[in-house]
Amino acid sequence: MAKFKNIIEFIRTLYGGQEFVPLHEPRFLGNEKKYVQECIDSTFVSSVGAFVDGFERQVAEFTGSKYAVATVNGTAALHVALLLVGVERDDEVITQPLTFIATCNAISYIGAHPVFVDVDKETLGLSPQKLKQFLSQNTEVVNGQCINKTTKRKIKAVVPMHTFGFPAKIDELMSVCSEYNLSVVEDAAESLGSYYKRKHTGTFGLLGAFSFNGNKIITTGGGGMIVTDDEALAKKAKHMTTTAKIPHAWEYDHDMSGYNYRLPNLNAALGSAQMELLPEYLSKKNKLARDYQNYFEDSEIDFFEFGEEGRPNHWLNAVVLDSLEERNKFLEETNSQGIMTRPVWKLMNRLEIFKKAQTGNLENAVWLEERIVNIPSSVIMD
Ligand SMILES: *Cc1c(COP(=O)(O)O)cnc(C)c1O
């Protein structure tokens with residue numbers, strides 16, 4: 001027992017001696033109350049209002065994306081993005097097994113099937129080499145359409161996820177996907193403020209999806225965003241997320257079964273204030289990651305570090321334990337001492353609902369699943 005006493009003390013000290021240190025809590029330090037108050041005073045708290053447009057512009061500008069369409073949450077953003085690239089019932093979508101269930105839920109909502117390809121150990125994101133290997137062994141392109149030779153289904157899209165804000169090797173993934181005519185939808189839910197080779201994550205693929213859930217780097221309470229450089233897709237995204245209503249002064253006319261996925265103005269007001277704070281949060285998170293890095297240099301535990309080619313947002317810091325046994329000891333000891341730590345998700349292919357899903361060789365994901373633990377990462381204010 002007490003093997004991890006020093007690290008527990010170190011983390012508690014970072015967070016000012018707090019008895020309980022959560023994994024990640026939101027911080028409201030700017031104009032949040034002001035904007036929410038303004039929103040209430042205006043009576044436009046719901047599906048119409050200026051804060052939504054403003055919030056969309058802020059995210060587009062920050063990410064360097066031409067268009068941004070706010071949604072009610074990140075899962076809805078992914079769902080609509082997949083529909084927009086043409087995913088239909090009984091199609092297949094390739095993604096990574098090491099992800100949060102929301103990625104796969106968006107695929108399932110359409111009646112499509114996830115196919116799981118391994119991640120890289122250095123990025124925790126979908127592996128371009130493993131993807132290329134899987135595609136060359138299992139698929140053929142017929143009349144421009146990638147077909148899975150085993151299942152005979154169409155593979156319509158690839159969804160890489162930027163795990164904990166660490167960018168996947170997205171430029172290499174893009175070139176593999178273009179070889180096979182596959183659309184890329186980036187699950188950038190965790191990576192607002194993360195860059196790969198100086199370009200913002202979520203802006204490489206045809207579409208990207210962000211989340212503003214309460215545990216993410218900034219929050220709108222609940223919320224999401226679709227980003228794209230394609231004007232037609234952006235217009236369709238807006239249309240589909242707002243009940244597919246044909247604009248008219250008073251008539252109700254809808255040209256498809258749309259979704260009520262629009263972000264309420266009240267949430268957007270919160271988001272606008274949070275976006276103003278994002279640069280400061282990013283620099284504070286970078287400092288925290290450096291402090292952890294320095295600490296773990298003299299420790300037996302490996303701190304997960306990212307290479308030169310990207311600039312992560314350091315949303316969640318992670319350590320890599322030696323084995324499943326060590327991981328479990330670490331989880332038990334830290335959590336029993338009020339330091340909240342969490343293992344990485346159970347691999348998607350091991351969930352009952354995806355037991356029959358096709359997978360590539362998942363050696364890296366299996367290795368990581370047994371060892372990765374997230375440690376407290378909330379923004380620390382001076
Ligand atoms: C948070 C998250 C989402 C979206 O979650 P919502 O709660 O619907 O906003 C999607 N994918 C990943 C990997 C996430 O972490």
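If I filter segment 85-95 for residues that are buried (at least 21 other Cβ atoms within 10 Å of the Cβ) and either within 15 Å of the ligand (Cβ to nearest atom) or not assigned by TED's automatic domain parsing to the domain that holds Thr243 (or both), do I get at least one hit?
Checked against the condition, which is being buried (at least 21 other Cβ atoms within 10 Å of the Cβ) and either within 15 Å of the ligand (Cβ to nearest atom) or not assigned by TED's automatic domain parsing to the domain that holds Thr243 (or both), segment 85-95 yields at least one hit.
Only one of these conditions is not met by Val184: (1) without any contact (Cβ under 8 Å) to a residue 60 or more places away in the chain; (2) surrounded by fewer than 21 Cβ atoms within 10 Å (Cβ to Cβ). Which number is it?
That leaves (2) as the condition not met.
How many residues are assigned to a loop (DSSP other than H, G, I, E, B) and open to solvent by 70 Å² or more (accessible area, probe 1.4 Å) when one looks only at segment 254-297? I'd like the intermediate steps shown before the answer.
First, the residues of segment 254-297 that are assigned to a loop (DSSP other than H, G, I, E, B): 255-259, 261-264.
Of the ones still in play, those that are also open to solvent by 70 Å² or more (accessible area, probe 1.4 Å) are 255-257.
The total comes to 3.
If you go through segment 340-382, how many residues are open to solvent by 40 Å² or more (accessible area, probe 1.4 Å) and of a type in the set (Phe, Trp, Tyr)?
Qualifying residue count for the region: 2.
Based on what the data block shows, is Phe28 open to solvent by 30 Å² or more (accessible area, probe 1.4 Å) and over 27 Å from Asp120 (Cα atoms)? Steps first, answer last, please.
Details: open to solvent by 30 Å² or more (accessible area, probe 1.4 Å): yes; over 27 Å from Asp120 (Cα atoms): yes.
For Phe28, the condition - open to solvent by 30 Å² or more (accessible area, probe 1.4 Å) and over 27 Å from Asp120 (Cα atoms) - is met.
Mind counting the residues in segment 338-382 that are within 19 Å of the chain's Cα centre (by Cα), part of a helix (DSSP H, G or I) and over 14 Å from Leu98 (Cβ atoms)?
Total meeting the criteria: 0.
For segment 327-339, name all the residues that are open to solvent by 30 Å² or more (accessible area, probe 1.4 Å) and touching a residue at least 12 places away in the same chain (Cβ under 8 Å).
Taking segment 327-339 as the starting set, the residues that turn out to be open to solvent by 30 Å² or more (accessible area, probe 1.4 Å) are 327-329, 332, 335-337.
Residues satisfying the conditions are Arg327, Lys329, Gln337.
Which of the residues that make up segment 120-143 are among the aliphatic types (A, V, I, L, M), at positive phi and open to solvent by 10 Å² or more (accessible area, probe 1.4 Å)? Outline the logic, then answer.
Going residue by residue through segment 120-143, those that are among the aliphatic types (A, V, I, L, M) are 124, 126, 131, 135, 141-142.
If we keep only those that are at positive phi as well, we get 124.
If the condition is that a residue be among the aliphatic types (A, V, I, L, M), at positive phi and open to solvent by 10 Å² or more (accessible area, probe 1.4 Å), then no residue fits.
The values are calculated or read from the model by the stated rules, or taken from the named source; none is laboratory data. Computed from a predicted model, the values in this text were never measured in an experiment. Neighbour counts run over all protein chains shown; Cβ positions are idealised from the backbone, glycine included. Side chains included, ligands, DNA and RNA excluded: accessible areas come from the protein's heavy atoms. Shrake-Rupley method; radii C 1.70, N 1.55, O 1.52, S 1.80 Å.
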